[in-house]
Structures are given as C-alpha cells and as structure tokens.
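Before any comments, here is the structure.
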Amino acid sequence: MSQEKPLVLVTHTLPAAWLAPLKEKCRLMIGPEGGKGLTPRLEENLPEAEALFTLLVDPITEDILERAPNLKVVSQMAVGVDNLDVEACTRRGIPVGHTPGILTAATADLTWGLLLAVARHIPQSQADARAGRWTTWNPTGWLGADLEGATLGIVGMGKIGSAVARRASGFGMELIFTNRSPRPDIEKDLNAQQVPLEDLLEQSDFVSLHVPLTEETHHLIDANALQKMKSTAILVNAARGQVVETQALLQGLQESWIAAAGLDVTHPEPLPSEHPLYAQSNCLITPHIGSASYNTRRRMAEIACQNVLAGLEGSKLPHSVN
Ligand code: NAP
C-alpha cells in the first residue's frame, strides 16, 4: 500500500462496527443510506479510489471502471454479482470479491418461510382474522397444499438450493433438481433425482429457484415454462427477479396457470407499491430479505472487508468470482 491510506468508496451507509476492519488501514468515503449506485460525490472521487465496497443495487459498469484508473478491487457484500460488469473488471485485472456460503442458511430459511406461508395461506388468513372474518372454525376455510409426499423441484442445486433441499427431508417431500452439470454426488447425498428443467416443471408441486442471474437464466421462467407447471403448483423465487418474466408470472397467477407464488426478489426491484402483483392474493412478496438476519449481514460485511484488504495488498481475495 502507498504512504497515504488508500481511498475506499463504500457505496452506502452501513453500521460503523461492520466497517471497523477497514478503519485503520483505509480512508473511507461512505455513501448515503438507501438509493442505488454511486452518488455524484462518490463518482467525483473515482479517480483516486483504490477499492469499491458495493451492494447488489449498485450498477458497476465499464464507464465507472474507466473513471477509476487506480482501482485494485471491487468487493460486493452479496453472493450474486449480476449488477457488476465482471468481465470488464477481469479485463482490467481487477479482482471482484463476493460473500458466498455465509448467507446460505439464512436464504434457505427464508425460502422455506415463503413456501410454507404461501402453501398454507398464512398472510391471507392473518389478514382475514384481523378483519373480523374469523367467525367460526371453518372446515373448508383457508385450505392449503400438503407438503408431505409432495415433490419439490429445485432449479439450481448449489449452496442455497442444497440447503433448501436438506430442510425438505424434515417435511417428507420427494426431491428433484436441475443443474447444468451432472451431479450424481448430490443425487446420492440428498436422495434427490436430477432431471431436465422441462421434467422438473411438469412434475413439481413446488418449484424453488436458486440459480444465479446470467444470460442463460434470464427469464428462465417465462410464459412457456409457467404453462408447463401444474395448475396446483407453487413457485418460489429467492434467486434474482429477472430469472422470472414478471409479466408472464402476473398473467399466470391471474389465469391460474399455477396456483401461487412466493417472491423474495422481483423485477423491477423495488417493486412499486402500485404494481398489480401486489393485488394478487395468490402472490406473497418480501422485499429481498433472504440474507437479512443480524449475524448473516454482519458476517457478509466482515468478508467484504477481508476482500477489500486483500485486494489492496495485492493478495488473492478470500472469495472472488474472477
Ligand atoms: P451457487 O452455490 O453458485 O449455486 C448456483 C447453482 O445454480 C449451481 O449449482 C449451478 O450449477 C446452478 N446453475 C447455474 N446456471 C444454471 C442454469 N442455467 N440452469 C440450471 N442450473 C444452473 O450459488 P448460491 O450461493 O446457491 O446462490 C444462488 C443465487 O441465489 C445467487 O447467485 C444469488 O443471485 C441468489 N441469492 C439471493 C439471496 C436473497 O436475498 N434472496 C441471497 C443469496 C443469494 P451448474 O453450474 O452445475 O449449473
């Protein structure tokens, strides 16, 4: 590192304790709470910046990299890096850090929260009780889907997909999954069957998405895919909003191509409050909270700081994508 402490641009305000590992060795310029991307003040300082500490809402484009000739590392506090031009970073020899693994359990837990809440109408039944519509023990009221014996299809059996699958065994579900590469090891370990996506869509009672957003997975779940699913099926998306074609999902929910959806991620994000998806009683939406537990977010920041420090020293990042 040079004599003067290197400048690190942190795109958004975070609790001071989370950034403490950087304080001693770096000068921090910190953006505001909320919003997306770099503020004009942060952008002005790009020429001097040696590290960028980013969140998944920050588009880090070729243009930004061009204005940051001294950049040694981009460190994102997330596992998905679809908001970053990773190729452009690689061309410039800039390592890109992310935070895999640490958010696996929290995201798998939230996936199950969505799946159970949608399957058993928890939000609607609570709203009905609050509104005075709980007038008796209704033998036909709020009837939901059974989990035991049902088939859970996992699209993208990586770290989070596998953690979701492990939790499924407690519910006595059958497991099928799809990945690009053959994974007989996973089939054996998780007592799951690997099948092509088309078969998974046709056979699953619950479809849970855990692929990264890439050119290949963009709109993987479109009208055609939704129409292949059972009309009783429930779709859960805790991956990235653009893996699902929003307009097709809306139509699918309105026209009962599928029964319901639980979404932790949407496109666009945030989903504007007037969006018609909110009006669908068969759609539960949470505001991208998969990793939102105290310990998980603190640990994500810790790893992101470690990636910054390693990048500034020119060492291999503990967790990089390129
Ligand atoms: P991971 O371990 O890399 O798993 C991704 C899996 O997807 C891999 O098994 C990969 O296997 C598979 N895959 C990739 N492209 C595919 C394709 N075209 N078709 C089928 N399978 C494909 O990643 P992870 O840690 O589980 O995270 C997954 C994603 O979850 C992240 O990229 C992120 O976008 C999202 N996420 C969301 C939240 C949230 O707050 N909701 C939190 C954390 C992560 P193959 O390479 O063999 O295909």
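Coordinate-derived values only; no laboratory data. Note that this is a predicted model, so its numbers are computed, not measured. Cβ: placed from backbone, ideal geometry, glycine included. Neighbour counts: every protein chain shown.
In table form, for the structure just shown:
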quantity	calculated
Radius of gyration and maximum dimension Dmax of the stretch 52-196, Cα, Å	21.4, 68
Aspartates and glutamates whose Cα lies under 19 Å from that of residue 316, excluding same-chain neighbours fewer than 8 positions away	50, 87, 302
Cα-based helix-to-principal-axis angle, 104-119 vs the chain, degrees rounded to 10	30 degrees
Peptides 38-47, 88-97 ordered by average Cβ neighbours within 10 Å, highest first	88-97, 38-47
Mean projection area, nm², convex hull over Cα of the stretch 157-210	3.4 nm²
Cα gyration tensor shape for the stretch 136-236, rounded if a/c is under 1.5, else prolate or oblate	oblate
Where only C-alpha atoms are counted, convex hull volume of the stretch 220-314 per residue in Å³	122 Å³
Scattering profile of the chain at q = 0.08, 0.11, 0.12, 0.16 Å⁻¹ [log10 I(q)/I(0), Debye over alpha-carbon scatterers]	-0.42, -0.75, -0.86, -1.27
5 Å-binned pair-distance histogram of the stretch 20-105 (Cα, whole percent)	3, 14, 25, 26, 20, 9, 2, 0
Hits among lysines - C-alpha to C-alpha of residue 36 under 23 Å, sequence gap 8 or more where chains match	72
Nearest 10 degrees, 0 to 90: helix 294-313 Cα axis against the chain principal axis	30 degrees
Histogram of C-alpha separations across the stretch 259-322, 5 Å bin width, %	4, 14, 17, 13, 12, 12, 11, 9, 6, 3, 1
Relative contact order [Cα under 8 Å, 6+ residues apart], the chain, whole percent	19 percent
Peptides 231-240, 114-123 ordered by average Cβ neighbours within 10 Å, highest first	231-240, 114-123
